[in-house]
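Working notes, beginning with the structure itself.
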Amino acid sequence: MADILIPKFGGRGRDGASAARAFRDPKLYANYIAAEKAKYRGDAQKIFSRYKNYQRRAGSELEQECVVPARTYFRWMQVDPHFWEDDANVKKFIKDNPEARPWK
């Protein structure tokens, strides 16, 4: 699973509420998002590169639709526990994230 950047506030007298207030700072928040996007892109490219020349096995009944990094998968599971069971959600995810189909 990918690492998540969590600023260390311990030892400075800050609690959860002051940590939340610190994230309201636009500069800190922008840096956090930029770091997370860069890390995600690198991790996702490593995963997608494994499936670059994917070929379906002859005679197989199943077909792989896309590759989803674990972090993305579990984030959507937190939003909706049945997200990946709904075909409409999967199709919309693939349409919105064409990089999830690296062999197409």
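The values are calculated or read from the model by the stated rules, or taken from the named source; none is laboratory data. Predicted model only: the values in this text are computed from it and were never measured. A quick note on method: Cβ atoms are made from the backbone with ideal geometry, for glycine too, and the neighbour counts reach across all protein chains shown.
There is no residue in the stretch 90-99 that is part of a helix (DSSP H, G or I), surrounded by 14 or more Cβ atoms within 10 Å (Cβ to Cβ) and either over 19 Å from the mean Cα position of the chain (by Cα) or without any contact (Cβ under 8 Å) to a residue 12 or more places away in the chain (or both).
Take residue 74 and decide whether it is modelled with pLDDT under 85, outside any loop (DSSP other than H, G, I, E, B), under 24 Å from residue 96 (Cα atoms) and among the aromatic types (Phe, Trp, Tyr). Judged against the criteria, residue 74 is not a match. Given the condition exposed (fewer than 14 other Cβ atoms within 10 Å of the Cβ) and among the aliphatic types (A, V, I, L, M), answer yes or no: does some residue in the stretch 59-74 qualify? Among the residues of the stretch 59-74, at least one is exposed (fewer than 14 other Cβ atoms within 10 Å of the Cβ) and among the aliphatic types (A, V, I, L, M), which makes the answer yes. For the stretch 40-65, the set of residues classified as more than 13 Å from residue 99 (Cα to Cα) and among the acidic types (Asp, Glu) consists of 61, 63, listed by residue number.
Okay, residues lined up against (1) in a helix (DSSP H, G or I); (2) at pLDDT 65 or above; (3) closer than 23 Å to residue 100 by Cα:
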site	(1), (2), (3)
14	no, no, no
22	yes, yes, no
28	yes, yes, no
31	yes, yes, no
38	yes, yes, yes
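Within the stretch 75-89, which residues are under 15 Å from the mean Cα position of the chain (by Cα) and surrounded by fewer than 10 Cβ atoms within 10 Å (Cβ to Cβ)? Within the stretch 75-89, 78, 79 meet the criteria. Every condition in (1) touching an Asp or Glu at 6+ places or on another chain (Cβ under 8 Å); (2) closer than 21 Å to residue 42 by Cα holds for residue 90 except the one numbered (2).
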